[in-house]
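Please read the structure below before turning to the comments.
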Amino acid sequence: MAVDMRLPTVKNSMSLSHSAGDRKDLVVPGDVITSDTGFMRGHGTYVDEDKLTASVAGEVQRVDKLICVRPLKTRFNGEVGDVVVGRITEVQQKRWKVETNSRLDSVLLLSSVNLPGGELRRRSAEDELTMREYLQEGDLISAEVQSVFSDGALSLHTRSLKYGKLGQGVLVQLSPSLIKRQKTHFHNLPCGASIILGNNGFVWLYPTPGQQEEEAGGFYTSLEPVSLSDREVISRLRNCLLALAAHKVLLYDTSVLYCYESSLQHQVKDILKPEVMEEIVMLTQQKLLEHES
């Protein structure tokens, strides 16, 4: 049996221009956010002796006069327009139940999906009987939040051709608070793979497709064998995502790409070793600081 043994090494000291301890936007329960009475109390805060105090550990967010604290570790609280990656858990009458890492299962109505072939017509009883031919239990989908029900459950839709059933790839489940909100969450990376950064913390990695048949209406999934080089790239990206998440680095296309480039000097299996992970993440943070400045 092979045993991996590592000897202690001298740790290289690498310093960033600002550490997490100096950040003023991170609070823990009981921290006073402000003593100014002109602000309104939002989620994650309470008033104690005329001082606005945090009730959860997280990031302080200010919108005009409203102050709220966004928890660093929480279930997904969806908003209209959020991109999500989910798994079908149940097929019901005229709807699918989808697990999206939120408190309640999300709902995908039969009327909110494209029919195969992209035809536009009313859904019939025949469509209802063939729902499992479109999506069945265990299938992974990408979708967008269409609305939020009164109990907090999400209603999804896949009417755009960029959404729909997902084919071959790797699912990485992370914390929703680590996903940076952007205009687009679908990225074709120059390393040869593509990524869907779901706002719900589910990240989908897959080989960049060629010309996809648009007539499939979002149900086309390629079952061709994935080449070894593509599988290595996807495995490296997956380990990079886990390394960034372990060090609480915000995930978006630039940070993932910088981390991928920083990891090229190591083998894929070595990326998750603690000392290698720390080195790669520090290099990534330095590149991000240089990029921002």
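Structure above, values below:
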read-out: Probe 1.4 Å - accessible area at residue 186, Å² to nearest ten; value: 50
read-out: Low-density loop cleavage sites - GluC sites (Glu not before Pro) in segment 70-108, where at most 13 other Cβ are within 10 Å (DSSP); value: 79
read-out: DSSP beta bridges in the chain [antiparallel fraction, %, rounded to 5]; value: 85
read-out: Share of carbon and sulfur in the accessible heavy-atom surface of the chain [1.4 Å probe, %]; value: 49
read-out: Charge tally in the Cβ shell below 12 Å around residue 104, where Lys, Arg are +1 and Asp, Glu are -1, residue 104 excluded; value: 0
read-out: Sum of side-chain charges, residue 61 neighbourhood, beta-carbon under 10 Å (Lys, Arg +1; Asp, Glu -1); value: 0
read-out: Orphan Cys of the chain, criterion: no other Cys C-beta under 4.7 Å; value: 68, 191
read-out: Residues whose placed amide H lies under 5 Å from that of residue 43, excluding near-sequence neighbours; value: 69
read-out: Residue-level accessible surface for residue 62, protein heavy atoms, 1.4 Å, Å²; value: 140
read-out: Label-to-label distance, nm, for residues given as residue 227 and residue 177 (7 Å Cα→Cβ offset); value: 4.1
read-out: 129, 156, ranked by accessible area, largest first (probe 1.4 Å); value: 129, 156
read-out: Neighbour net charge for residue 171 - beta-carbon separation under 10 angstrom, K R +1, D E -1; value: +2
read-out: List 87, 41, ordered by accessible area with a 1.4 Å probe, largest first; value: 41, 87
read-out: Distant-in-sequence amide H partners of residue 102 (H built 1.01 Å from N, under 5 Å); value: 76
read-out: 25 Å Cα-Cα threshold exceeded, pairs from 97/162; 162/248; 248/287; 65/180; 73/269; 94/162; value: 162/248; 73/269
read-out: Segment 80-95 - phi-based ³J(HN,Hα) in whole Hz, Karplus 6.51/-1.76/1.60, Gly and Pro as x; value: 4, x, 5, 8, 10, 10, x, 10, 5, 10, 7, 10, 10, 5, 6, 7
read-out: Accessible-area value, residue 224, 1.4 Å probe, nucleic acids and ligands omitted, Å²; value: 130
read-out: Which of 203, 63 is most accessible, then next, and so on - probe 1.4 Å; value: 63, 203
read-out: Per residue accessible area in Å² of the chain, where ligands, DNA and RNA are left out and the probe is 1.4 Å; value: 59
read-out: Long-range amide H partners of residue 95 with built H, under 5 Å; value: 110
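The values are calculated or read from the model by the stated rules, or taken from the named source; none is laboratory data. Owing to the predicted nature of the structure, the values given are computational and were not obtained by experimental measurement. With ideal geometry, Cβ positions are generated from the backbone for all residues, glycine too; neighbour counts draw on all protein chains shown. Side chains included, ligands, DNA and RNA excluded: accessible areas come from the protein's heavy atoms. Shrake-Rupley method; radii C 1.70, N 1.55, O 1.52, S 1.80 Å.
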